[in-house]
Amino acid sequence: MDLGLKGKTALVLGASRGLGAASATLLAAEGAHVIAASRSGEAPAEGMEGLALDLADAASVEALIARLAEQPVDILVNNCGGPAAGPAKGQSSAAWAAAFETMAAPIFAITDAALPGMIAKGWGRVVTIGSSGIVQPIPNLALSNGVRGAVAGWSKTLAEEVAPHGVTVNMVLPGRIATDRLAQLDGIKADKSGASLEAVQEASRKTIPAGRYGAPEEFGAMVTFLCSQQAGYVTGSMIRVDGGMIRGL
């Protein structure tokens, strides 16, 4: 199937590794020109354009916003790292503000900067990588659960506003995908419980109907489809890539 991405320009945030890298790689494989943004500025594969971007640095975000005014993109894949693990109880106002300022506010501003070019063309795709914690909060990830929930509300609201202009806005929610971030979280759980990392991972796999962790490429394939011509009637949606882990409808 030709996804109609040849000649499209895609900006992928957090593209140096994990879910962002997988999404960038598959978009490039479909013929899109990919601008791979990350703190290192290194593209995950040849043929992509690397771009240095630190979402926690206001000057770095402003530089990207200025670039988008001059060089519009057709596709934006929003992706950011998660905050430190921790409970909901006892989190300081400063911790909540910092999580929002690094995970949500930059994404909102970058998307606002990308939209005029998409609207002018009558075609655009915005896909935001979220978390299954939006639907089923993940224990000990209170900051992530809360801020990503705010991003979900923004995404749904924005989808309705820009749909008449041919722009779709969706989210993809990963379950347990085999990335460095998941390995870090499994390691934290192992340290706290006194169990081995292997035991923690085995217990985790047993909670997933598919019986395994997902591959980043499986997640990236869903992102790429939502960016395609064929997905033009899919908007305002949150699609889970979780092996059936989330039990709710």
Every residue from region 29-44 that is farther than 21 Å from ILE65 by Cβ and out of contact with any Asp or Glu (no Cβ under 9 Å at 6 or more places or on another chain)
ALA29, GLU42, PRO44
Look at region 204-236 and say how many of its residues are open to solvent by 10 Å² or more (accessible area, probe 1.4 Å), of a type outside the set (A, V, I, L, M) and within 19 Å of SER16 (Cα to Cα).
4
Only unsatisfied item for VAL147, checking (1) buried (at least 17 other Cβ atoms within 10 Å of the Cβ); (2) without any contact (Cβ under 8 Å) to a residue 12 or more places away in the chain, is (2)
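Let's see how each residue does on (1) touching a Cys at 6+ places or on another chain (Cβ under 7 Å); (2) without any contact (Cβ under 8 Å) to a residue 12 or more places away in the chain; (3) surrounded by fewer than 20 Cβ atoms within 10 Å (Cβ to Cβ); (4) not aliphatic (A, V, I, L, M):
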{"position": "ILE107", "(1), (2), (3), (4)": "yes, no, no, no"}
{"position": "PRO116", "(1), (2), (3), (4)": "no, no, yes, yes"}
{"position": "GLY130", "(1), (2), (3), (4)": "no, no, no, yes"}
{"position": "ASN140", "(1), (2), (3), (4)": "no, no, yes, yes"}
Tell me whether region 54-74 contains one or more residues that are surrounded by 21 or more Cβ atoms within 10 Å (Cβ to Cβ), hydrophobic (A, V, I, L, M, F, W, C), under 20 Å from ALA150 (Cα atoms) and in contact with a Leu (Cβ under 9 Å, 6 or more places away or on another chain).
yes
With the requirement that a residue be touching a strand residue (DSSP E or B) at 6+ places or on another chain (Cβ under 9 Å) and of a type outside the set (Ser, Thr, Tyr), what does region 196-217 give you?
ILE208, GLY214, ALA215, PRO216
When region 196-217 is checked residue by residue, the ones that are assigned to a helix (DSSP H, G or I) and without any contact (Cβ under 8 Å) to a residue 40 or more places away in the chain are LEU197, GLU198, ALA199, VAL200, GLN201, GLU202, ALA203, SER204, ARG205, LYS206
Please go through region 156-166 and give me each residue that is open to solvent by less than 20 Å² (accessible area, probe 1.4 Å) and free of Cβ contacts under 8 Å to residues at least 60 places away in the same chain, ordered by number.
LEU158, VAL162
Among the residues in region 174-193, are any open to solvent by less than 40 Å² (accessible area, probe 1.4 Å), in contact (Cβ under 8 Å) with a residue 60 or more places away in the chain, among the hydrophobic types (A, V, I, L, M, F, W, C) and touching a helix residue (DSSP H, G or I) at 6+ places or on another chain (Cβ under 7 Å)?
yes
Every residue in region 17-48 that is within 14 Å of GLY7 (Cβ to Cβ), open to solvent by 30 Å² or more (accessible area, probe 1.4 Å) and touching a residue at least 60 places away in the same chain (Cβ under 8 Å), please.
GLU30
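Just checking, does region 97-106 include any residue being touching a Phe, Trp or Tyr at 6+ places or on another chain (Cβ under 9 Å) and closer than 18 Å to VAL147 by Cβ? Please lay out each step first, then the result.
So the first thing to find is which residues in region 97-106 are touching a Phe, Trp or Tyr at 6+ places or on another chain (Cβ under 9 Å), and the list is 104.
Checking the rest, the ones that are also closer than 18 Å to VAL147 by Cβ come to 104.
Scanning region 97-106 turns up at least one residue that is touching a Phe, Trp or Tyr at 6+ places or on another chain (Cβ under 9 Å) and closer than 18 Å to VAL147 by Cβ.
The values are calculated or read from the model by the stated rules, or taken from the named source; none is laboratory data. Since we're looking at a predicted model, the values are computed, not measured. A quick note on method: Cβ atoms are made from the backbone with ideal geometry, for glycine too, and the neighbour counts reach across all protein chains shown. Side chains included, ligands, DNA and RNA excluded: accessible areas come from the protein's heavy atoms. Shrake-Rupley method; radii C 1.70, N 1.55, O 1.52, S 1.80 Å.
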